[in-house]
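Comments concern the structure below.
Just so it is clear, none of the values below were taken in a lab; they were calculated from the coordinates. Being a predicted model, the structure only gives us computed values, none of them experimental. Note that each Cβ is placed from the backbone with ideal geometry, even for glycine, and that neighbours are counted across all protein chains shown.
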Amino acid sequence: MNYGQLLKEYEEYKSLGLKLDMSRGKPSAEQVSTVERLLSVVTENSQCFSETGSDCRNYGGLDGINEMKRLFGELLGVGPEQIIVGGNSSLNLMYDTVARSMLHPVEDGCRPWSKYEKISFLCPVPGYDRHFAICEYFDINMINIPMNADGPDMDMVESLVASDETIKGIWCVPKYSNPTGVT
């Protein structure tokens, strides 16, 4: 196909007036409306304090409000000490975690990831392009892990982690993954 034919085909698609949003993981209007009541539940300043007396309208501790950590711990089946409640962008937390790991040791006796010749991440697929873009940005090798009906192929994960010391992490998709809805 030559440039003229491609341009004609492109113009035909444009003339359809389609409004396509190919981003993944965005809630629908119906899902967003389910939390609308939260926007008016707080009606007085006195309702903005946590059980420890912290003013929740201001900056809090780095790991989040205790009440939220307990709530998410219950939902996720872990203790509140294993929960970090950050801002509203999990992608920022993921990027910051990888960036910090590139610059500083993750644990005692280790080197920053940037000091290794090669590091790898396990990437369940289908996954999220933005997670993979973080790997691309930091030149992290990505190893595809098939997503089964019950989640990532954990036999493959265990085998790879046992045999490949370049693996430093795995991207964990949300509880309900896209596009299949696997839980």
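Among I143, L16, S90, pick out the residue whose Cα is farthest towards the positive end of the charge dipole of the chain, where Lys and Arg carry +1 and Asp and Glu carry -1 on C-beta, about the Cα centre. Of I143, L16, S90, it is L16. Where a ≥ b ≥ c are the square roots of the eigenvalues of the C-alpha gyration tensor, would you call the stretch 24-179 rounded, which needs a/c under 1.5, or, failing that, prolate if a/b is larger than b/c, or oblate? The shape class here is prolate. Within the chain, DSSP assigns beta bridges of which about 25% are antiparallel (rounded to the nearest 5).
When the convex hull of its Cα atoms is viewed from all sides, the stretch 47-86 shows a mean projected area of 2.8 nm². In the chain, helical runs assigned H by DSSP with n ≥ 4 each contribute -39500 (n - 2.57); averaged across all residues and rounded to the nearest 500, the mean residue ellipticity at 222 nm is -10000 deg cm²/dmol.
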